[in-house]
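For reference, the structure discussed in these notes is given below.
The values are calculated or read from the model by the stated rules, or taken from the named source; none is laboratory data. These numbers come from a predicted model, not from an experiment. With ideal geometry, Cβ positions are generated from the backbone for all residues, glycine too; neighbour counts draw on all protein chains shown.
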């Protein structure tokens, strides 16, 4: 059985974070798969997930040039995006090229070759997009409540932090 050639795509949200943990995990994960996944390229991306995929240079370059790879491997689908509009782009790009370039997630099953697989992909991505948006809405409510109580960063103005 021939090895599957893959591109590992790792993304963190800020330049202060490090993708090395994702890279190490995915290298090990790829070596345990049947067929074994031969790593062709490792792409590390530090552009924010809030930035649309069409503006993320490394991701777009990866989609435009497969360089003989059979698949893109990600740690989890939320490493691709948490942007509702990008989900359609990702699904279309991989669905249209599924025979030559697949999307593989170490954290979730992905199969864009059938209706059930596309539904599952959309459901998983909906959860990934919903969670940070829901958290921001809750934070906004909490910040507004604290402001009305005269608090700033959880304390009254002028109060010192106690250690």
Check your understanding: When you go through (1) modelled with pLDDT of 90 or more; (2) within 26 Å of residue 123 (Cβ to Cβ) one by one for residue 51, which number turns out not to apply?
Key -> (1)
Practice item. Consider residue 111 carefully, then state whether it is surrounded by 10 or more Cβ atoms within 10 Å (Cβ to Cβ), at pLDDT 90 or above and not in a helix (DSSP H, G or I). Key: yes
Practice item. Residues being out of contact with any strand residue (DSSP E or B) (no Cβ under 6 Å at 6 or more places or on another chain), under 15 Å from residue 73 (Cβ atoms) and in contact (Cβ under 8 Å) with a residue 24 or more places away in the chain: count how many of those fall in the range 98-133. Key: 4
**Study point:** Given (1) touching a strand residue (DSSP E or B) at 6+ places or on another chain (Cβ under 7 Å); (2) closer than 23 Å to residue 122 by Cβ, number of the condition residue 86 does not satisfy
**Key:** (1)
Practice item. Go through 59, 94 for me and flag whichever is surrounded by 13 or more Cβ atoms within 10 Å (Cβ to Cβ), touching a helix residue (DSSP H, G or I) at 6+ places or on another chain (Cβ under 6 Å) and either part of a helix (DSSP H, G or I) or in contact (Cβ under 8 Å) with a residue 24 or more places away in the chain (or both). Key: 59
Point to revise | Positions within the range 7-42 being within 17 Å of the chain's Cα centre (by Cα) and assigned to a strand (DSSP E or B), in sequence order | key: 7, 8, 9, 10, 11, 42
